[in-house]
Amino acid sequence: MNSALEAALALEQAGHLLEAAAAYRQIGPDDPGHATALGRVDVIALAAGEAAEAGRWFERALDLDDDPDLWAELAQARAQEGKIEAAGECCRRALALDPDHFFALCRQGEFLAMAGQVGAAVESLQRALVQQPESPEANYILAFLLGLEGRHEEAIESYDRTLANRPDWPEALRQRSEQWLILGQLDQARRDLDEATRLDPADAFTSYQRGALEMAAGNTAAAIRAFGQVIERTPGDAALLLNTGIQLLALEQPDTAAPFPMLRDPPWPPNK
């Protein structure tokens with residue numbers, strides 16, 4: 001272990017967290033301890049166990065170093081506090097220092113989407129993916145947003161890139177199946193759902209999507225079974241239960257409800 005990393009670790013272990021964070025930030029990307037240093041910065045930010053306290057640590061660190069990485073991390077802390085406008089401002093500060101900052105662009109996309117600015121959110125994610133085109137998380141959120149815009153073929157392409165780099169992600173498979181279902185491609189939707197079910201057999205959202213698929217295929221009995229599994233598996237999600245009830249009503253009285261309204265998971269964080 002090099003001396004700079006040893007000194008930073010000693011500061012952290014002594015409880016001097018601000019000084020330790022500053023020391024870790026001085027360990028550059030060419031240093032063999034760089035990855036460890038970045039990880040310890042995150043640990044320090046969360047040391048108090050609350051986003052507000054983490055944000056205060058970041059603010060104090062920013063007094064020492066006006067660094068885009070710190071602004072991007074502070075954005076996440078502010079978002080966890082529910083201060084979305086402040087989080088967006090942190091992203092803007094990070095991007096003023098580094099217009100191509102990957103995490104700031106991703107988080108800016110999140111906050112824009114939460115504000116209903118889906119088109120601007122898509123642009124931010126696309127800029128992020130110029131920096132890291134293989135990122136499964138960024139491709140996942142972009143795919144979700146493209147789906148919201150009705151750009152279903154493009155959404156499927158982004159889910160393809162997501163799954164090429166993270167093939168065992170059941171949420172991505174389920175979301176791609178939704179896009180296939182909207183396009184009327186039931187066989188492709190079924191294949192994705194089958195794999196999502198294999199990876200996470202007890203997921204209530206996958207059961208809901210299965211019910212929607214079976215409704216579209218005209219398999220009423222199978223749809224009822226799938227929606228019944230949602231009721232058994234849901235962890236008390238009122239919206240999910242309400243949607244499920246609507247679908248069960250539609251199966252009994254087809255003129256009373258739309259065929260299969262799609263669920264809309266919160267797009268971020270993408271890794272559940």
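Only the coordinates and a few stated rules stand behind these numbers; no lab work does. Just so you know, these numbers come straight off a predicted model, no measurement behind them. Virtual Cβ from ideal backbone geometry, glycine too; neighbours counted across all protein chains shown.
Some notes on this structure:
- On the beta carbon distance between ALA96 and LEU186, with R0 = 41 Å, the FRET formula returns roughly 0.30.
- With q set to 0.20, 0.32 Å⁻¹, the log10 of I(q)/I(0) for the range 95-144, from the Debye formula over equal scatterers at the Cα positions, is -0.56, -1.25.
- Taking the alpha carbon gyration tensor of the range 80-238, multiplying each eigenvalue by 5 and rooting it gives semi-axes of 32, 17, 13 Å, largest first.
- GLU154-ASP66 FRET efficiency (beta carbon distance; Förster radius 45 Å; 0.05 resolution): 0.75
- Full-extension gain in nm, ARG225 to GLU85, via 0.36 nm per residue minus C-alpha separation: 46.1 nm
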